[in-house]
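The values are calculated or read from the model by the stated rules, or taken from the named source; none is laboratory data. Keep in mind the model is a prediction, meaning the values are calculated, not measured. Cβ atoms come from the backbone with ideal geometry, glycine included; neighbour counts cover every protein chain shown. Ligands, DNA and RNA are excluded from the accessible area calculation, which covers all protein heavy atoms including side chains. Shrake-Rupley method; radii C 1.70, N 1.55, O 1.52, S 1.80 Å.
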Amino acid sequence: MQTFTVNLPLPQPYRSADFFAFHLRDQQNVAEIVVDNCLQKGLIWQNHPANIQLAIESQHATISLDIDSSNISPTETELSTLGKHLLGLHQPVNEFEMHYLTDPVLGQLIEKQKGLRIYQSSNAFEALVWAIIGQQISVHAAIAIRRRFIQAVGTQHSSGIWCFPDIQQVGLVSDDTLRQTGFSLGKIVALRALCEAIKTQQIDLSVQVTHDNADVVTEQLLKIKGIGPWTVSYALLRGFNYLNGSLHGDVAVRRNLQTLLNSQEQPTAKETEKWLAQYSPWRALVAAHLWRSQSAAGY
């Protein structure tokens, strides 16, 4: 096992408590462990189990990667890129806040939640699988399925932490195994189709999603059976740092928008879509602010 370390400066304010709360959602600590100001997270790095350790102290983060291989040596740039990705540091939230802090409606929410960022999955595949798991079920149920999925399909790092499965590992398990973890037939179909699209290079998960290519990437993902608009918008937000997906169909977004607007009735998905549209190209970040108004772990 080899360990590699980098240090990253953090912007101020950085909401480290929210970062750790997000990774504390699964209290059984299977694939993520939070102790005080340090996160451990299992992932596959170049086909080998790895354990990333991310500690936050005042204005900087220290990222270490323990890899179960004596032949793999990530560069400082690779490790720094992974750390910035997980921490959401690629997101221009200062620009967003400067633009909307004086907004008569949204401004009050931003003022309470300055520095809010979207903490990322370790990679785009993890984000897409999480979005598929979370389709039309509660966060609590999704967390339980995700845990069983990781233990049934993934592998353990030498430290004991479980690593989120990669595409190759998913291909080695049967549909029956996936059903036992809690996957419905529709979600199995979606997961299999996603893996096939990646293997056949119909989708490139290494692409940087921007305003210029977001529609193309969205169309590619929507062609996959079992993947719809909510799944795409959530995955782009959580795995690609793309802040303009429209999460108007999300129940928590609509519920918290009702509170924000002090409305008698919960807005419909169409009404929520229209309201979010005025904040393009930041619609998904606005949705995240609505999530955060309910919970630090939130979304």
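Could you please let me know if residue 186 is open to solvent by less than 70 Å² (accessible area, probe 1.4 Å), outside any helix (DSSP H, G or I), at pLDDT 95 or above and not aromatic (Phe, Trp, Tyr)? Quick ask: steps written out before the conclusion?
Values: open to solvent by less than 70 Å² (accessible area, probe 1.4 Å): yes; outside any helix (DSSP H, G or I): no; at pLDDT 95 or above: yes; not aromatic (Phe, Trp, Tyr): yes.
When the stated conditions are applied, residue 186 does not pass them.
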List pairs: first residue in the range 1-17 and without any contact (Cβ under 8 Å) to a residue 60 or more places away in the chain, second residue open to solvent by less than 40 Å² (accessible area, probe 1.4 Å) and part of a loop (DSSP other than H, G, I, E, B) anywhere in the structure, Cβ distance under 9 angstrom, at least six positions apart or on different chains. 16/10
Between a residue in the range 164-192 that is within 13 Å of residue 151 (Cα to Cα) and any residue that is open to solvent by 50 Å² or more (accessible area, probe 1.4 Å) and not in a helix (DSSP H, G or I), which pairs come within a Cβ distance under 8 Å, given they are 6 or more apart or on different chains? 166/47
Suppose we filter the range 193-205 for residues that are assigned to a loop (DSSP other than H, G, I, E, B) and either touching a residue at least 24 places away in the same chain (Cβ under 8 Å) or aromatic (Phe, Trp, Tyr) (or both); how many remain? 1
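Output the number of residues of the range 102-123 satisfying the condition of being in a helix (DSSP H, G or I) and open to solvent by 10 Å² or more (accessible area, probe 1.4 Å).
Filtering the range 102-123 down to residues in a helix (DSSP H, G or I) leaves 106-112.
Filter again for open to solvent by 10 Å² or more (accessible area, probe 1.4 Å), leaving 108-109, 111-112.
Of the residues in the range 102-123, 4 are in a helix (DSSP H, G or I) and open to solvent by 10 Å² or more (accessible area, probe 1.4 Å).
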From the residues in the range 27-49 that are touching a residue at least 24 places away in the same chain (Cβ under 8 Å), part of a loop (DSSP other than H, G, I, E, B) and farther than 17 Å from residue 86 by Cα, which one is least open to solvent (accessible area, probe 1.4 Å)? 30
Would you mind stating whether residue 127 is open to solvent by 20 Å² or more (accessible area, probe 1.4 Å), modelled with pLDDT of 95 or more and small (Gly, Ala, Ser)? no
So is residue 66 more than 21 Å from the chain's Cα centre (by Cα), part of a loop (DSSP other than H, G, I, E, B) and either surrounded by 18 or more Cβ atoms within 10 Å (Cβ to Cβ) or modelled with pLDDT of 95 or more (or both) or not? no
Give the range 136-149 a look and list any residue that's buried (at least 16 other Cβ atoms within 10 Å of the Cβ) and in contact with a Gly (Cβ under 8 Å, 6 or more places away or on another chain), or say none. 142, 144, 145, 148, 149
